[in-house]
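Enquirer: Before anything else, here's the structure in question.
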Amino acid sequence: EAQVTQNPRYLITVTGKKLTVTCSQNMNHEYMSWYRQDPGLGLRQIYYSMNVEVTDKGDVPEGYKVSRKEKRNFPLILESPSPNQTSLYFCASSGGRVRNSPLHFGNGTRLTVT
Amino acid sequence: DQQVKQNSPSLSVQEGRISILNCDYTNSMFDYFLWYKKYPAEGPTFLISISSIKDKNEDGRFTVFLNKSAKHLSLHIVPSQPGDSAVYFCAASESYNAGNMLTFGGGTRLMVKP
């Protein structure tokens, strides 16, 4: 089954404790992206990757890091989480431009930073 | 300032009637628009899209209308079914956005009552 898998689904942590949210896709997609969803703001792009070893900032990159060492994996790293990073996070992948190949989303990771 | 806005946070409709979800945008460079549907505890899934060269696109019970002069699009669901109850996100993209980024609205929660 074609899917984007994120782990963990739920995560509660404390300020400053480094964490990683994993994302993997099995569709051989070149493009991967991370979004965060906050009430009333919709989904905002954090980082994206057009291919292996190619990453770039989205709309709200502050406080986040990513890496793309393999095509299928695109982990999101929070080196020193803060309470304003409490949010619902989605990983997504696409086989091309969104007008030709819509984004496929994972089921989300709900992060709480206390 | 949000470039894509969904001014109705929620909408309640009787089963069998029409649901109309609205979306406004401010960026005149947007030329491709999408609607995503999201159920609780799942990621958004692609529903329907429209290019700026069209003013209407239909797929079964779902029709999207685009009014470029008003910078407004709407999603019509006819007839509405209880299984359509979900959060609907409007999204927009520009042709030359290197990040393949979608700009999302804040979402509208649709409730279809049996």
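The values are calculated or read from the model by the stated rules, or taken from the named source; none is laboratory data. Since the structure is predicted, the reported quantities are computational estimates derived from the model, not experimental observations. Glycine also receives a Cβ, built like all others from the backbone with ideal geometry; neighbour counts cover every protein chain displayed. Each accessible area value is taken on the protein alone, full model and side chains, heavy atoms only, with ligands, DNA and RNA left out. Shrake-Rupley method; radii C 1.70, N 1.55, O 1.52, S 1.80 Å.
Enquirer: Treating only the Cβ of Lys, Arg, Asp and Glu as charged (+1, +1, -1, -1), what charge dipole size does chain B show about its Cα centre? Round to the nearest 20 debye.
Expert: I would put it at about 220 debye.
Enquirer: Near B:LYS54, which aspartates and glutamates are there with a Cα under 14 Å away, not counting those fewer than 8 places off in the same chain?
Expert: In chain and number order, the partners are B:ASP31.
Enquirer: Could I ask something else about it? Given the options A:ASN28, A:ASN100, A:ASN73, which has the most mean-square fluctuation in a GNM of chain A, springs set between C-alpha atoms less than 10 angstrom apart?
Expert: For chain A, modelled as a Gaussian network with Cα springs under 10 Å, the answer is A:ASN100.
Enquirer: On to the next question. Can you give the FRET efficiency to the nearest 0.05 for A:LYS69 and B:MET29, using r as the Cβ-Cβ distance and R₀ = 35 Å?
Expert: 0.55
Enquirer: May I pose another question? Simple spin-label model, 7 Å along Cα-to-Cβ: A:THR114 to B:ILE18 in nm?
Expert: With each label point 7 Å from Cα toward Cβ, the separation is 5.0 nm.
Enquirer: Report in % the part of the accessible area of the protein assembly as shown that belongs to carbon and sulfur, leaving out ligands and nucleic acids; probe 1.4 Å.
Expert: 49
Enquirer: I'd like the mean, over residues of A:43-52, of how many other protein chain beta carbons sit within 10 Å of each residue's own Cβ.
Expert: 3
Enquirer: Averaged across the residues of A:36-42, what count of C-beta atoms belonging to other chains lies within 10 Å of each residue's C-beta?
Expert: 6
Enquirer: Related question: I'd like the residues of segment B:1-48 whose 1.4 Å-probe accessible area shrinks by no less than 50 Å² going from the isolated chain to the full set of protein chains.
Expert: Residues passing the criterion (a loss of at least 50 Å², heavy atoms only) are B:TYR32, B:PRO44.
Enquirer: Sticking with this structure for a sec: Which Cα, out of A:ASN28, A:SER101, A:ASN84, lies furthest along the positive dipole direction of the protein assembly as shown (beta carbon charges, K/R +1, D/E -1)?
Expert: A:ASN84
Enquirer: To continue, here is another question. When the Cα atoms of chain B are enclosed in a convex hull and the volume is divided per residue, what value in Å³ results?
Expert: Once divided by residue count, the hull of chain B is 102 Å³.
Enquirer: How large is the charge dipole for segment A:1-53, taken about the Cα centre, if only the Cβ atoms of Lys, Arg (+1) and Asp, Glu (-1) carry charge, to the nearest 20 debye?
Expert: Its charge dipole is roughly 340 debye.
Enquirer: Counting partner chain Cβ atoms within 10 Å of every residue's Cβ in A:99-109, what's the average?
Expert: Per-residue shielding by partner chains comes out at 5.
Enquirer: Continuing with the same structure: Where nothing but the Cβ of Lys and Arg (+1) and of Asp and Glu (-1) is charged, how large is the charge dipole of segment A:58-114 around its Cα centre, in debye to the nearest 20?
Expert: It comes to approximately 340 debye.
Enquirer: Using 27 Å as the Cα-Cα cut-off, could you pick out the over-long pairs in A:LYS57/B:LYS38; A:LYS57/B:LYS5; B:LYS37/B:LYS71; A:LYS69/B:LYS5; B:LYS5/B:LYS113?
Expert: A:LYS69/B:LYS5
Enquirer: What is the interface area between chains B and A, defined as buried accessible area summed over both chains with a 1.4 Å probe, reported in Å² to the nearest 100?
Expert: The contact between A and B buries close to 2000 Å².
Enquirer: Where does the charge balance sit around A:SER87 when Lys and Arg score +1, Asp and Glu -1, over other residues with C-beta under 11 Å from its C-beta?
Expert: Net charge in that neighbourhood comes out at +2.
Enquirer: Within the set of other residues whose C-beta is less than 14 Å from the C-beta of B:VAL78, count the net charge using Lys and Arg as +1 and Asp and Glu as -1.
Expert: Within the 14 Å Cβ shell, the charges total -1.
Enquirer: With the other protein chains left in place, how much accessible area per residue, in square angstrom, belongs to chain B at a 1.4 angstrom probe?
Expert: 47
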